[in-house]
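One structure is given here, and the rest of the page talks about it.
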Amino acid sequence: MNNLSDRKIVIALIFLVVGFIFLIRLFNVQVINDKYKFDSDQNVLREVIQYPARGLIYDRNGKLLVYNEAAYDLMVVPQQVKKMDTLAFCQLIGMSYDNFIEKFKKAKSFSRYKPSVFEKEISSKSYASIQEKLFEYPGFYTQTRTLRKYPRESAAHLLGYIGEVDQKKVDSDPYYKSGDYIGKSGIELSYEELLRGKRGIKRVLVDVHNREKGSYLNGEMDTLAVTGKPVFLTIDVVLQEYGEQLMQNKRGSIVAIEPKTGEILTLVSAPSYNPNLLVGRDVKKNYPVLSKDSIKPLFNRALMAAYPPGSTFKTIQALIGMQDGVITENSGFPCLKSNVGCHDHPTATDVVSSIKMSCNPYYFSVFRKILLQNKSTSLFKDSEIGLAKWSNQVKKFGLGIDLGTDLPSIKKGFIPDVAFYDRWYGKGRWAFSTIYSLSIGQGEIGVVPLQMANLSAIMANRGYYYTPHVLKKIEGEKTIPKQFVTKHSVEIDKKYFIPIVDGMYKVVEEAGGTARRAHIDSIAVCGKTGTAQNPHGEDHSIFIAFAPKDNPKIAIAVYIENAGFGGTWAAPIASLLIEKYLTGTVKDLEKEKRILEANLMAVIPKQKKK
């Protein structure tokens, strides 16, 4: 009997202990710890994405190129939306009724319980009036993001733009979510990971009227957004703006490089556009208009337009010829126009005069000697052996290859090789006489303007270059990527650059030179004109140059489409940029006025030779 009573007491104690434990847990859940309250009542807690401000972008001198401006996304949680005055709401946010219905259906199809973007990128001005009345519409709230702004309205192709991430990127990169923004072109694309920062999440409590009542758990569960890193570019924005001014009403490009570092000082593509046109909601409206414009303002000619180098290529031919030992700096050749057409000038008796007067038959002879070195008794095989070596030598000058620059979408250009001509003509069915147009930078050769500016830097450095780049420094970091401080030799003896540079100096500074319009008082300019053949109209005007002759500070390439001879338009434009960069001003106002007033947009019919 006593045993039975003891068992009853034990069982009663067990029930009391268990009940006491449940009471403690219930007290903890209901009074002490509100985490469980949140879990059972999601509608009082809201997760708000904290979008980081993208990193600011500055020029080499600290001038601001890109900054951020606050904007707001209107979010919706369909399950929380109550009966409301839809027309009044549409009027508040500036939306049609039909658009409202369409967007609300889309939000519900995404999720009735999760927030989604209802209206993107509301300006600060519009937000002020919307926010005052938004509490009247449960289920709707705003979250902050930033939009890019371009205070100087310059360098659109170089800076690029941002846009909404596509589904392919969302699927391949876990960082991005639908509705995020990402760099689409230019610097915004190249340095996306640096500029984007890291987003955070803020958890806030809201009441039944959709009003925020404070931070959840005093912010213990929040994560802070990390602002993107500021980036300093190598661009001189004053020079950039001046180049864009000179290129008004012209098609073409300007690229200038600091030879000793490979830093790009300016990169102009014309026609261009105001970068503020591709910001926020305006992208969807303006991008189709710009992309369909017949003058192609979105096309980056400095990186993507491949042209023949024309006579600027003669500098490479002379260097290869001297390095191979098939000519010397004192070699002379008659100007036989029966070989290839040429303008009237005295006979070129050496490399210096051949560069100065840009003699076509001279380089017909030089190229023939480069290709035909009697390595085979067969003319076809000898041409093949010579071309294989020549093609590899040319590519060392950064042509026909990926330069490794930090600007996206740059084309490689094209330097033909044996495999190309075997496909084109058939193996053993071509020789020097088939491809001699390469001798003067025509035929199948294609280069982009950035490569030509780099070629000018090679001449300035007498045989080497650094990879052209636009990143000068990242705030908080002491170094830039190794590839931008690695010297690349073209494997031509420095002594052979002496006659080339002397010839380029005489192109500008002596009577009979082909670019006298590039002369600048008190600055020794070395340059080379070129004319790129254009089957659709007047040829393209080309000029490469560097200055000063000794200890050069700037190397430049200018392409003006449909402008004819290189010395007429490209050369004076280059000289104005050189003078502006080296002295801070331009003294020859008549030269400047001529360029500024010139309208070269029309495709000029090629003049028939008499």
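Just grab the label-to-label distance for Arg152 and Gln373, each label 7 Å out from Cα along the Cβ direction, in nm (one decimal).
4.7
Would you mind pulling out the separation of the Cα centroids of the stretch 304-360 and the stretch 85-158, in Å?
Each part's Cα centre sits 64 Å from the other's.
Checking the table Lys82/Lys103; Lys202/Lys478; Lys412/Lys591; Lys250/Lys296; Lys369/Lys494 against a 24 Å threshold on Cα-Cα, which pairs fail?
Violating the 24 Å Cα-Cα cut-off are Lys202/Lys478; Lys412/Lys591.
What full-extension length gain, to one decimal in nm, is calculated for Asp293 and Thr583 as 0.36 nm per residue of separation minus the Cα-Cα distance? It would help to have the intermediate numbers written out before the result.
Working: separation 290, 0.36 × 290 = 104.40 nm, distance 3.73 nm.
Extra length from Asp293 to Thr583 when fully extended: 100.7 nm.
Excluding same-chain residues fewer than 8 positions from Lys396, which aspartates and glutamates have a Cα within less than 20 Å of its Cα?
List returned: Glu258, Glu263, Asp324, Glu384, Asp406, Asp417, Glu444, Glu491, Asp493.
With a cut-off of at most 14 other beta carbons within 10 Å, and DSSP calling the residue loop, which trypsin sites (Lys or Arg not before Pro) in the stretch 133-191 qualify? Please list them. Provide the component values of the computation, followed by the final result.
Details: sites: Lys133, Arg145, Arg148, Lys149, Arg152, Lys168, Lys169, Lys177, Lys184; in loops: Arg152, Lys177, Lys184.
Answer in residue order: Lys177.
Using the basic label-point model (7 angstrom from Cα toward the beta carbon), what is the Ala306 to Thr349 distance in nanometres?
Inter-label distance under the simple model: 4.2 nm.
State, as an integer percentage, the relative contact order of the stretch 237-597 based on alpha-carbon contacts under 8 Å between residues 6 or more apart. Let's see the in-between values first.
Details: 768 pairs, mean separation 75.2, N = 361.
Computed over the stretch 237-597, the figure is 21 percent.
Within the stretch 152-183, which residues have the backbone N less than 12 Å from the label spot 7 Å out from Ser111 along Cα→beta-carbon, could you tell me?
Once the point is set 7 Å along Cα→Cβ of Ser111, 178 turn out to lie under 12 Å by backbone N, inside the stretch 152-183.
Counting helices only, and only those DSSP H runs with n ≥ 4, report the 222 nm mean residue ellipticity of the chain as the sum of -39,500 (n - 2.57) divided by its residues, in deg cm²/dmol to the nearest 500.
So the helix-based figure for the chain works out to -10500 deg cm²/dmol.
Give the longest segment of the chain that steers clear of GluC sites (Glu not before Pro) in DSSP loops with at most 10 neighbouring Cβ atoms within 10 Å, not counting the sites themselves.
Result, exposed sites excluded: 221-476.
Which trypsin sites (Lys or Arg not before Pro) does the stretch 296-370 hold that lie in a coil by DSSP with at most 14 other beta carbons within 10 Å?
Lys337
Roughly how many debye, to the nearest 20, is the charge dipole of the chain about its Cα centre, given +1 on each Lys and Arg Cβ, -1 on each Asp and Glu Cβ, and no other charges?
Here the size comes out at about 820 debye.
Can you give the FRET efficiency for Ser172 and Lys395, using 1/(1 + (r/R0)^6), R0 = 51 Å, r = Cβ-Cβ distance, to the nearest 0.05?
Working: r = 33 Å, r/R0 = 0.64.
E(calc), rounded to 0.05, equals 0.95.
Just tell me which lysines come within less than 18 Å, Cα to Cα, of Lys63; anything on the same chain fewer than 8 places away is out.
Of all the lysines, those that pass the test against Lys63 - Cα under 18 Å, at least 8 places apart if same chain - are Lys149, Lys229, Lys472, Lys473, Lys580.
In square nanometres, what is one fourth of the surface area of the convex hull spanned by the alpha carbons of the stretch 70-189? Each step should come with its number before you reach the end.
Values: hull surface 35.4 nm².
Hull-based average projected area comes out at 8.8 nm².
Taking the highest mean first, how do the peptides 267-276, 224-233 order by number of other beta carbon atoms within 10 angstrom per residue?
Result, highest mean Cβ count within 10 Å first: 267-276, 224-233.
Only the coordinates and a few stated rules stand behind these numbers; no lab work does. The structure displayed is predicted, hence computed values, not measured ones. Using ideal geometry, Cβ is built from the backbone for each residue, glycine included, and neighbour counts are taken over all protein chains shown.
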